[in-house]
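**Student:** Handing you a structure now.
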Amino acid sequence: MRKLYLVITLTAISVAAQAAQSAADKQDAPVFKSDVALVKVDAEVLDAEHRLLGGFRKEDFRILDNGSPQDILYFSQGEVPLDVLLLFDISSSMAPKLRKVAASAHAALAELKPGDRAAVMIFWRKTELITPFTNDLSAIEAAINDRVLQRTLGGTHILGAINDAADYIRHQPRGDHRRAIVIVTDNHGQMSGKKNTAVKNLWEADAVLCGLQVRFAGETALLVARRITPSPAGLAMAWIMDGENMTGVAEKTGGDLLKGDDAGAQFTELMHRLRARYSLYYAMPKGKAGEERRIKVQLADDAQSKNPQSRVLARSGYHLPGS
């Protein structure tokens, strides 16, 4: 009987027992040596237009850990239950965008399936947990209607909120769910100094960060103009010049950032991509507890030649667990 154990401070599993090689050859079933600790990486493949590509097999991927190639011991793709934390920006800049937020919220609930769970957090300069993880969709919908869509507050600490959300997930009991934070924001905020901490917490939580960028028409151009035009008020616009957004952090977790006018369709696409991800496992290298290691997931040469403009989204690192 095969047993799997989660190592909480990492995305890793200890696996004991043997499986017959013949069964593995027939079914691509995993074959593990006794007491092997595994690193798990979820990945997706996109084309040049940021569209999802599918149909890949284990031999189509290549993993480097601190630059060294790794054997992929187990590979899977399929429906798994989701734990999705919905993180809503309710800062003042979101006031004219609540209609789009409402559309995305309803789309999120429509995409949840039996076995999935959701939680709701809101943020401005502070972060507040509204509803802990639950499969009660009526409670989620009530929380969104009552606490997300009714008011906006103050400034925006995007990375501080992501850090808090990741820390919350990190302390939840482990299970077989795929974990994700989906942040709904206009994606421009004030400095919070939480970038490195947020990435570390996301890696340790085994959570991918995906973003739904909600902006009104012309807002992006206005922000660019403000970045290159001196402000008459001197430092009044400094937070835009030196602000922070979620983009770099999402990339380090292998997450998507979707933009556009149809917030509901974007949310549906995000949920589809979360479910369609590939899971790859390889043997954890030895090293010091807490050591940061870098991961790079690529397509193998043959697969890359067939998809020359494709790229793989996967988390870029992890920390070795303590003893």
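**Student:** Expressed in nm to one decimal, what extension gain is obtained for the pair residue 288 and residue 66 from 0.36 nm per residue of sequence separation less their Cα-Cα distance?
**Tutor:** Values: separation 222, 0.36 × 222 = 79.92 nm, distance 1.38 nm.
Working it through step by step, the gained length comes to 78.5 nm.
**Student:** Going down the table (195/296; 195/259; 40/97; 40/200; 100/306; 195/288), which pairs top 27 Å between alpha carbons? Could you put the intermediate results ahead of the total?
**Tutor:** Working: 195/296 20 Å; 195/259 22 Å; 40/97 37 Å; 40/200 16 Å; 100/306 38 Å; 195/288 24 Å.
Flagged as over cut-off: 40/97; 100/306.
**Student:** Pop out the ³J(HN,Hα) list for region 196-204 in order, Karplus 6.51 cos²θ - 1.76 cosθ + 1.60 with θ = phi - 60°, rounded to Hz; leave Gly and Pro as x.
**Tutor:** 5, 5, 4, 4, 4, 5, 5, 4, 6
**Student:** Here is a follow-up. Considering only region 82-275, what is the antiparallel percent among its DSSP beta bridges, to the nearest 5?
**Tutor:** Values: 6 of 30 bridges.
Given both bridge residues lie in region 82-275, the antiparallel proportion sits at roughly 20 percent.
**Student:** Let me ask something else about it. Between residue 106 and residue 125, 0.36 nm times their residue separation minus their Cα-Cα distance comes to what? Can you show the working numbers first?
**Tutor:** Values: separation 19, 0.36 × 19 = 6.84 nm, distance 2.51 nm.
Stretched out fully, the residue 106 to residue 125 stretch lengthens by 4.3 nm.
**Student:** Moving on. Counting alpha carbon pairs within less than 8 Å and at least 6 residues apart, what relative contact order, in whole percent, applies to region 83-220? The partial results should precede the final answer.
**Tutor:** Values: 252 pairs, mean separation 41.7, N = 138.
Taking the mean separation of contacting Cα pairs over the length of region 83-220, I get 30 percent.
**Student:** Using 0.36 nm per residue, how much length does the chain from residue 272 to residue 150 gain when fully extended, once their Cα-Cα distance is taken away?
**Tutor:** Gain in length upon complete extension: 41.1 nm.
**Student:** What order do you get for 203-214, 54-65 when each peptide is scored by the mean count of other beta carbon atoms within 10 Å, highest first? Intermediate results must be reported in sequence, preceding the final value.
**Tutor:** On the way: 203-214: 24.9, 54-65: 15.8.
The packing order, highest mean first, is 203-214, 54-65.
**Student:** In region 257-323, which GluC sites (Glu not before Pro) fall in coil by DSSP and have 14 or fewer other Cβ atoms within 10 Å? Numbers along the way, then the final one.
**Tutor:** Numbers: sites: 269, 291, 292; in loops: 291.
Counting only loop positions with at most 14 other Cβ atoms within 10 Å, the GluC sites (Glu not before Pro) in region 257-323 are 291.
**Student:** Residues with amide H under 5 Å of residue 125's amide H, sequence separation 5 or more or different chain, H placed in the peptide plane at 1.01 Å from N; which?
**Tutor:** Hits under the 5 Å cutoff: 155, 157.
Every read-out reported here was derived from the displayed coordinates using simple, explicitly stated rules and does not represent laboratory data. Only a predicted model underlies this, so the values are computations on that prediction, with no experimental measurement involved. Neighbour counts run over all protein chains shown; Cβ positions are idealised from the backbone, glycine included.
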